[in-house]
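Worksheet: one structure, shown below.
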Amino acid sequence: MLDKTFRPQDVEQRLYDSWEQTGAFACGQRGNAQPYTIVIPPPNVTGSLHMGHALNNTLQDIVIRRQRMAGRDVLWQPGSDHAGIATQMVVERNLEAEGKKRTDMSREAFVDKVWAWKEESGGVITNQLRRLGASCDWRRERFTMDDGLSHAVRKVFVDLYRDGLIYKDKRLVNWDPKLRTAISDLEVQPTEVKGHLWHFKYPIEGENGRFIVVATTRPETMLGDTAVAVHPDDERYKDLVGRHAVLPLVGRRIRIVADDYADPEQGSGAVKITPAHDFNDFEVGRRHDLEMINIFTDTAHLNDEVPEPYRRLERFEARKRIVADLEALDLVEQIEDYVHTVPYGDRGGVPIEPYLTEQWYADAATLAKPAIEAVETGKTRIVPEQWTKTYFDWMRNIQPWCISRQLWWGHQIPAWYGPDEKIFVATTEAEAQAAADAHYGKPTELRRDPDVLDTWFSSGLWPFSTLGWPEQTPELERYYPTDLLVTGFDILFFWVARMMMFGLRFMGEVPFHTVYIHGIVRDEKGAKMSKSKGNVVDPLDLMDEFGADALRFTMAALATPGRDVKPARARIEGYRNFATKLWNAARFAEMNECVAPPSRPQPTLTLNRWIVGALARTASDVARGIDEYRFDEAAAAVYHFVWGTYCDWYLELIKPVLQGPDGAEKDETRATAAWVLEQMMHLLHPFMPFVTEELWQRTGTRTEMLALSQWPDFEAEVRDPAAEAEIEWLIKLVSEVRSVRNELRVPASAKIEAYLEDANDVSASRLATHRQVIQRLARIQFPEGAADSPPGAVHVPLEEATVALALLDTIDLQAERSRLGKELDKLTADVKRMNAKLANENFVSRAPEEVVEGQREQLAEAEQRRVQLSDALAQLGGAA
């Protein structure tokens, strides 16, 4: 006998252990089946489960479980990323707690420390993914610095170098002066700060007393200026183009150049150009062949390229000194308070510097061409389609990819330098040494490049390196290319594009056929989650309180393509109640001795033919929703069937049969109820694997796990249009009467008289057949024999007929008309006000995104309610 209540905490770990121990998630067990592959976006080894992971992995698991039940040979490839900066910082903090520093030990000793930390603490998130129910093939778990994956990284680097697609160059990078390394754009956090805009006067050479005014938020960089730019069409400066200004405090002559980058509408229309410390200025400098003077050390102190008084000053201390000195020279025209965006390193937590330094680069433009063509021709499809344009915009304007990082933890670049700095790139040190000895004609000592590769380099190989490449393994042949990648839009460029480039380059095929892009998870008000706002929600806490199934179903139900996800606690609690509803339905079936037959029943009763047909329609809707990545629609379909169709209607409608005498009708109904319940568990399993598996194993004599059972597949003849029409007519009648009772505040205890008017023979027959159950569920009474409705009845349209409700003695119709009229007037005014607000461009453009979205949702709810009130008033108006 099932327990009275479902307690997720009692079953989730037990069920998951059972799945894993019996190999339920293992690939390769269906040799003749068509393979289906997803590679997990590898979480950082330092990470713990957050709401973004919960969304991403829930959606993947829904697809994986559905495909597994559809008979495919499924591989969901798991693993984790070594996360260069993040992991190095964790270990360095641990050392600091012991009073030690990384630099107190050798590189090898530090890397050993990181490996030791990884072995002890690096598996937290994979265990948390198990808690979520992620059905990965954990036997195949990989790590981006496994021996096999490291070999793949070295081979790719060497091959690209030899093909001229990896090279060294001196360019601007995002530099974190605290961590002393280049970082990617994804690791840069734009932060709005209150600062100042300083207007400085630069003297014009040869014209005493004439100046050109430039404005800057970073006075410290002026010591590296090599030009001033003005717009070619700016009449104010036409006579100055080609001449020189004198850089204050330095005395260097700097050219005045004409360039479209200068905006005549901004400030004075003249901008200082510091090519070594600003990305836009770098491009201006290349266009005009300007000198590039790096004035910073790698810790953002001023170096020897600046006048002696400023050398070795920290950048913000230098800022104060420079402003003070310019004020003393009367070269500060104005200082404005100014709110602007400053790029911070998300790990180091300090402002990053655009920094001119020599790094390793990949020729991304060449690698991108086949990746662009693959999406253009449909070899890879991006869903929703709107992200295709973003992909093309990024890829068609791609810049050289800086692939080197100044860290100790990561894939060390396989390059060695000879005494004359000649570079030897090879997969092993022995190979590099042999090449060097041959080149120099004698044994020669080499020095290895100390840098490591950007983590996106190794994760870009993920779809094929995890399958054993560069070895030509059976898994590589069977499971590549993969079918689907599920990811967030924020790494469409950083990760998805890299995988496309590398997959096409080294495998000759796209790495996946479909890329599904989901939104980000926000708080229930629509604000982005952040620790500073204090609105971060921990999915582990939610699973502790409501169970994994409730959290998973919430994520699926809210995963509307192109929209962000805003899970509210009340919503998650509601889906916990949904699991309880299913559990109670199973208990009801059990208590009424409902036992499923071994094959689909062939019912004769209208109610049973209807529920089987409704189930078939729902199975089709759920399968289509998952297969087309409309997770919200699939979740809605199964939710409405389980809660509404089966629990609220079917179980209520069959109670008289189950409570009646034994016989063929009762046997058929018991079998149908149990069989439909079984099929519901299949449809719901991808969304709510724990409660469904527990019910599956507790309510029958099955030996096969639900996770490995067959997805329902119904023939078209299962649908019975006549039965569907009849029962849906019944449901509509009861629902409309209930709605009127609720809207007009009819007491729940009142059993009111009802009359079916203008009914044709079909409607009259249906009423005769279902009279008792309609009267019970709608709390109405149809008088015996033909009768006309009394004056003052409220009329409810029902196809060709009308249900008239005698409410005159039950409610004050005039008072209800007045109440509804006032409520409708207020709602109409609210709708008008909200429409005006949303039509105001200032509000839409300036208000926080979550506020605007909230206003749109309120408007939609108000308009829906207005329709309901209008309908209720119309019914009362007809009765007056």
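The values are calculated or read from the model by the stated rules, or taken from the named source; none is laboratory data. Nothing here was measured: the structure is a model prediction, and the numbers come from that model. Every residue, glycine as well, gets a Cβ built from its backbone with ideal geometry; the counts of neighbours run over all protein chains shown. In case anyone asks, the SASA skips ligands and DNA or RNA and just uses the protein heavy atoms, side chains included. Shrake-Rupley method; radii C 1.70, N 1.55, O 1.52, S 1.80 Å.
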Tell me, yes or no, whether segment 810-819 has at least one residue that is part of a helix (DSSP H, G or I) and in contact with a Gly (Cβ under 7 Å, 6 or more places away or on another chain). yes
Any chance residue 352 is under 26 Å from residue 415 (Cβ atoms) and either surrounded by 20 or more Cβ atoms within 10 Å (Cβ to Cβ) or in contact with a Leu (Cβ under 7 Å, 6 or more places away or on another chain) (or both): yes
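Just name the residue that is nearest to residue 295 (Cα to Cα) out of those in segment 241-269 that are in contact (Cβ under 8 Å) with a residue 60 or more places away in the chain and touching a strand residue (DSSP E or B) at 6+ places or on another chain (Cβ under 7 Å). Write out each step before concluding.
Keep residues of segment 241-269 that are in contact (Cβ under 8 Å) with a residue 60 or more places away in the chain, which gives 248-249, 267-268.
Filter once more, keeping what is touching a strand residue (DSSP E or B) at 6+ places or on another chain (Cβ under 7 Å): 248, 267-268.
Values: 248: 15, 267: 26, 268: 26 Å.
Among those that are in contact (Cβ under 8 Å) with a residue 60 or more places away in the chain and touching a strand residue (DSSP E or B) at 6+ places or on another chain (Cβ under 7 Å), it is 248.
Table: residues versus (1) touching a residue at least 60 places away in the same chain (Cβ under 8 Å); (2) in contact with a helix residue (DSSP H, G or I) (Cβ under 7 Å, 6 or more places away or on another chain); (3) not β-branched (Val, Ile, Thr).
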site	(1), (2), (3)
572	no, yes, no
577	no, no, yes
582	yes, yes, yes
587	yes, no, yes
Scan segment 329-342 and tell me whether some residue there is out of contact with any His (no Cβ under 7 Å at 6 or more places or on another chain), buried (at least 19 other Cβ atoms within 10 Å of the Cβ) and not in a strand (DSSP E or B). no
Turns out the helices (runs of 4 or more DSSP H) fully within segment 71-140 with at least 3 residues that are within 25 Å of residue 23 (Cα to Cα), aliphatic (A, V, I, L, M) and modelled with pLDDT of 95 or more are none
Of (1) in contact with a helix residue (DSSP H, G or I) (Cβ under 8 Å, 6 or more places away or on another chain); (2) of a type in the set (Lys, Arg); (3) open to solvent by 30 Å² or more (accessible area, probe 1.4 Å), residue 552 fails just (3)
The residue from 337, 325, 346 that alone is charged (D, E, K, R) and closer than 16 Å to residue 202 by Cβ is 325
Scanning segment 669-724 for residues that are charged (D, E, K, R) and assigned to a helix (DSSP H, G or I), the one surrounded by the most Cβ atoms within 10 Å (Cβ to Cβ) turns out to be 694
Residues of segment 271-280 being more than 20 Å from residue 307 (Cβ to Cβ) and either crowded, with 24+ Cβ neighbours inside 10 Å or among the hydroxyl-bearing types (Ser, Thr, Tyr) (or both), in sequence order, are 271
Within segment 602-656, the count of residues that are open to solvent by 10 Å² or more (accessible area, probe 1.4 Å), assigned to a helix (DSSP H, G or I) and under 22 Å from residue 519 (Cβ atoms) comes to 7
Filter segment 476-509 for residues that are free of Cβ contacts under 8 Å to residues at least 24 places away in the same chain and in a helix (DSSP H, G or I); the one that is farthest from residue 144 (Cα to Cα) is 477
Residue pairs qualifying under the 9 Å Cβ cut-off, at least six apart or on distinct chains, with the first in segment 730-752 being part of a helix (DSSP H, G or I) and the second being of a type in the set (Phe, Trp, Tyr), are 730/649; 731/649; 734/649
Result of the Cβ filter at 8 Å on segment 92-114, keeping first residues that are acidic (Asp, Glu) and partners that are modelled with pLDDT under 95 and surrounded by fewer than 12 Cβ atoms within 10 Å (Cβ to Cβ), at least 6 apart or interchain, is 92/101
Counted residues in segment 753-764 being of a type in the set (Ser, Thr, Tyr) and either in a helix (DSSP H, G or I) or in contact with a helix residue (DSSP H, G or I) (Cβ under 9 Å, 6 or more places away or on another chain) (or both) come to 1
Residue set 477, 509; condition farther than 22 Å from residue 381 by Cβ and at pLDDT 95 or above; output residue 477
Counting only residues in segment 503-529 that are buried (at least 16 other Cβ atoms within 10 Å of the Cβ) and of a type in the set (Gly, Ala, Ser), the one nearest to residue 161 (Cα to Cα) is identified as 503
Residue count, segment 246-262, condition closer than 23 Å to residue 303 by Cβ and either assigned to a loop (DSSP other than H, G, I, E, B) or not basic (Lys, Arg) (or both), comes to 8
Taking segment 385-427 and the residues there that are without any contact (Cβ under 8 Å) to a residue 24 or more places away in the chain and closer than 21 Å to residue 453 by Cα, the one that is surrounded by the most Cβ atoms within 10 Å (Cβ to Cβ) would be 424
Only one of 249, 223 is in contact with a Pro (Cβ under 9 Å, 6 or more places away or on another chain), open to solvent by less than 40 Å² (accessible area, probe 1.4 Å) and under 29 Å from residue 317 (Cα atoms), namely 223
Filter segment 511-569 for residues that are among the basic types (Lys, Arg) and assigned to a helix (DSSP H, G or I); the one that is farthest from residue 500 (Cα to Cα) is 569
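This table checks each residue for (1) within 17 Å of residue 200 (Cα to Cα); (2) modelled with pLDDT under 95; (3) among the hydrophobic types (A, V, I, L, M, F, W, C).
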position: 245; (1), (2), (3): yes, no, yes
position: 250; (1), (2), (3): yes, no, yes
position: 253; (1), (2), (3): yes, no, no
position: 258; (1), (2), (3): no, no, yes
position: 273; (1), (2), (3): yes, no, yes
position: 281; (1), (2), (3): no, no, no
position: 287; (1), (2), (3): no, no, no
position: 293; (1), (2), (3): no, no, yes
position: 297; (1), (2), (3): no, no, no
Can you find a residue that is more than 18 Å from residue 486 (Cβ to Cβ) and out of contact with any Pro (no Cβ under 6 Å at 6 or more places or on another chain) anywhere in segment 554-568? yes
Exercise for the section: Determine whether segment 281-290 contains at least one residue that is over 30 Å from residue 500 (Cβ atoms), open to solvent by less than 80 Å² (accessible area, probe 1.4 Å) and part of a loop (DSSP other than H, G, I, E, B). Expected result: yes
With the condition kept exactly as written, say whether any residue in segment 776-789 is in contact with a helix residue (DSSP H, G or I) (Cβ under 7 Å, 6 or more places away or on another chain) and assigned to a helix (DSSP H, G or I).
yes
Taking segment 184-220 and the residues there that are assigned to a loop (DSSP other than H, G, I, E, B) and open to solvent by less than 40 Å² (accessible area, probe 1.4 Å), the one that is modelled with the lowest pLDDT would be 184
Out of curiosity, is residue 600 charged (D, E, K, R) and modelled with pLDDT of 95 or more?
no
So, first residue under 21 Å from residue 608 (Cβ atoms) in segment 674-691, second residue open to solvent by less than 10 Å² (accessible area, probe 1.4 Å) and of a type in the set (Phe, Trp, Tyr), Cβ within less than 8 Å, six or more apart or across chains; the pairs are 676/646; 676/650; 677/646; 680/641; 680/646; 683/641
